[in-house]
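Participant: Got a structure here, written out as structure tokens. Questions coming.
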Amino acid sequence: MRKEKILAAATAAVLAITAGIPAAAEEQNTEAAENTTVQESEADAGSETPADAVQGGNLSVRISDDPLNINPLYVTDLNSFTIMESLYSPYFEIVGGEVYYGNGLLENVSSNDDSTVFTLTLKDNLKWHDEEPITADDIVFSMDVVLDADQAVPYSTYLLDADGNPGTVTKVDDKTVEISFGTSNTGFLGSLSQLYCIPQHIYDGVENIGQSELNQEPVGSGPYRFQSYDSGQQYVVERFDDYFGGTPYLDTITFKIIKDTNTAIAALQSGDVDMLSISGSDYQTVEGIDGVTINHYNSGNVDALGFNELNESLADERVRQAIAYALNKEDLITFAYSSSNYAQPAYSILTPDTLYYDDSLTRYDNDLDKAKELLQEAGVSNLNLTLLYSTSSDINENAAVYIQSQLANVGITVTLDPQEDSIYKNSIQAENSTDYDLVLQKYELGAEPSLYADILSSGSRSNYSHVNDPDLDALWKEGLSLPNGDERKAVYQQIQELVNDKQYLYPIDYTNGFFVLSNKFGGFDDFLLQTIYYDYSKLYQVQ
């Protein structure tokens with residue numbers, strides 16, 4: 001029988017991490033916290049070997065395309081990330097609002113009173129997959145790479161303070177690193193949780209690490225190590241016996257590259273695939289398959305419609321507002337997913353589990369008369385726009401068709417431009433691109449609100465709308481430097497209101513996540529730590 005499971009993943013009550021302390025006290029109106037070592041999540045307490053676990057076996061996981069880059073400092077697509085998480089360990093993760101060290105390289109993080117100095121301490125006896133020790137030198141090297149403009153790491157802003165100045169990274173001893181900032185950096189722990197360490201002895205002296213052939217056979221720190229890669233077919237990792245978290249259960253994990261979703265579901269039904277992520281549009285098909293469990297979780301993902309402000313018409317906020325008013329989020333979701341059960345309408349750029357999320361913003365949708373009025377005020381008629389989207393999901397195709405149909409009702413002609421995912425990514429990341437006017441995009445940025453600056457600040461890597469607003473930039477800067485409390489909350493409320501009222505981005509929905517796993521395997525609850533952060537060492541074959 002097919003089984004269904006709902007996970008209690010990140011909720012709207014998620015806590016924030018700041019100044020080294022879980023900020024649960026914020027909800028209790030407490031004052032700023034004193035200098036304290038970050039407390040360990042309860043999940044770090046560990047658990048006994050499951051009674052039904054069998055050592056050995058292979059798990060087949062579907063991915064939709066070849067990975068673009070497995071090096072964790074350069075991963076920007078989900079397929080690469082899905083594989084990379086088996087090969088590399090993070091410094092730590094934030095789960096349920098607390099620092100979780102279980103699958104991380106660090107045993108401790110602490111900060112001073114004003115969040116300008118952070119001290120990182122490594123666990124004992126850490127090893128790279130080639131058996132070389134992991135030391136503080138690797139952390140210093142990795143952070144230097146992130147900050148080196150010539151290395152073009154897409155996450156370089158994660159090591160900058162509110163003034164845009166880089167942190168100073170210093171080795172204290174073989175296990176300890178200190179990072180200092182010129183101004184308070186309240187959001188730093190949220191940033192650090194999304195960075196990774198790479199081996200200095202492998203990459204030292206390499207001029208262009210992102211393009212290096214060394215990435216084709218990565219030397220990582222995670223529970224599994226590289227075995228083989230057959231482009232267009234599969235990527236295989238094998239158990240790393242010296243993994244600091246203990247010997248993983250499975251012998252190997254095979255990431256099977258299956259581009260077509262229907263083919264992937266058929267492979268699940270035949271047993272050729274054991275695990276895959278599905279969208280709401282595939283839910284009814286998969287729930288009829290015996291021998292699998294559909295796990296529900298908060299994906300943390302936002303679907304959004306971006307407006308390229310390099311288009312003169314879209315630079316007028318009245319036109320952007322008109323487009324928003326011409327759409328109906330609930331109808332769009334139902335049309336895209338064939339049901340309203342698989343996503344919830346989004347009315348803020350922040351997700352409900354993000355600190356300072358505001359659900360009381362003005363709702364710009366479902367008013368055709370208002371849309372026509374705004375277009376008339378802007379002096380715009382017979383507008384022709386190109387809508388760019390990735391063909392990686394039928395959801396995108398459905399959403400694009402709905403948007404095209406609805407905007408026709410207010411006299412806007414939309415030409416659809418579907419592109420294969422790799423081409424789509426190149427299109428949206430091209431500097432000052434005018435090849436598209438509208439773009440369907442996704443983002444997942446976690447519970448720390450300062451990270452959302454990445455999608456809507458001048459010159460940021462994911463600002464596909466090319467927004468350039470000095471007032472908004474100043475608010476992002478201010479929010480990063482303030483300690484948690486009413487003052488910081490007010491800044492992020494201003495940010496949400498400004499983005500919403502200017503319609504710099506039209507968030508469509510917060511998507512539910514569905515991960516399907518064959519009942520021949522267990523450990524999913526511990527595997528899925530938070531949204532898309534995976535701990536492959538917890539998966540096992542059952543007796």
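Participant: Computing the accessible area with a 1.4 Å probe over protein heavy atoms, can you report the carbon and sulfur percentage for the stretch 424-543?
Facilitator: C and S atoms contribute 42 percent here.
Participant: Provide the solvent-accessible area of Lys520, counting protein heavy atoms only and rolling a 1.4 Å probe, rounded to the nearest 10 Å².
Facilitator: For Lys520, solvent-accessible area is about 130 Å².
Participant: Further question: By a straight-distance test (C-alpha under 19 Å), which lysines pair with Lys370 as possible cross-link partners, with residues fewer than eight away in the same chain excluded?
Facilitator: Partners within reach: Lys329, Lys502.
Participant: Defining a contact as two alpha carbons under 8 Å apart and six or more residues distant in sequence, what relative contact order in percent does the chain show?
Facilitator: 21 percent
Participant: Ranked from highest to lowest mean number of other Cβ atoms within 10 Å per residue, what is the order of the peptides 462-469, 256-263?
Facilitator: Per-residue Cβ counts within 10 Å, averaged per peptide and sorted highest first, yield 462-469, 256-263.
Participant: With charges only on Cβ, +1 for K and R and -1 for D and E, what is the dipole size of the stretch 420-489 about its Cα centre, in debye, rounded to 20?
Facilitator: About 160 debye.
Participant: One-quarter of the Cα convex hull surface for the chain, in nm²?
Facilitator: 23.3 nm²
Participant: Plugging the Kirkwood radius over Cα pairs into Stokes-Einstein for the stretch 432-543, at a temperature of 20 °C and a viscosity of 1.002 mPa s, what D comes out in µm²/s?
Facilitator: 126 µm²/s
Participant: For labels at Asn262 and Asp435 in the simple 7 Å Cα→Cβ model, what's the distance in nm?
Facilitator: Output for this residue pair reads 2.9 nm.
Participant: List the pairs from Lys175/Lys520; Lys256/Lys425; Lys127/Lys256 whose alpha-carbon separation is above 30 Å, in the order I gave them.
Facilitator: Lys175/Lys520
Participant: Still on this model: Considering only protein heavy atoms and a 1.4 Å probe, what is the carbon-and-sulfur percentage of the accessible area of the stretch 250-376?
Facilitator: Carbon with sulfur: 38 percent of the solvent-accessible area.
Participant: For the chain, what does the accessible surface come to per residue with a 1.4 Å probe? Please give it in Å².
Facilitator: 40 Å²
Participant: Between Ser458 and Asn341, what's the calculated FRET efficiency when r is the beta-carbon distance and R0 is 30 Å? Round to 0.05.
Facilitator: My answer for the efficiency is 0.20.
Participant: Tell me the carbon and sulfur percent of the accessible area for the stretch 67-179, rounded to whole percent, probe radius 1.4 Å.
Facilitator: Roughly 46 percent, rounded to a whole number.
Participant: Now, a different point. What's the ranking of 108-120, 218-230 by average number of surrounding C-beta atoms within 10 Å, highest first?
Facilitator: Descending packing order for the listed peptides: 218-230, 108-120.
The values are calculated or read from the model by the stated rules, or taken from the named source; none is laboratory data. Computed from a predicted structure; not experimentally measured. Here the Cβ is made from the backbone with ideal geometry for all residues, glycine too, and neighbour counts use every protein chain on show. Protein only, heavy atoms only, side chains kept; ligands, DNA and RNA dropped before computing areas. Shrake-Rupley method; radii C 1.70, N 1.55, O 1.52, S 1.80 Å.
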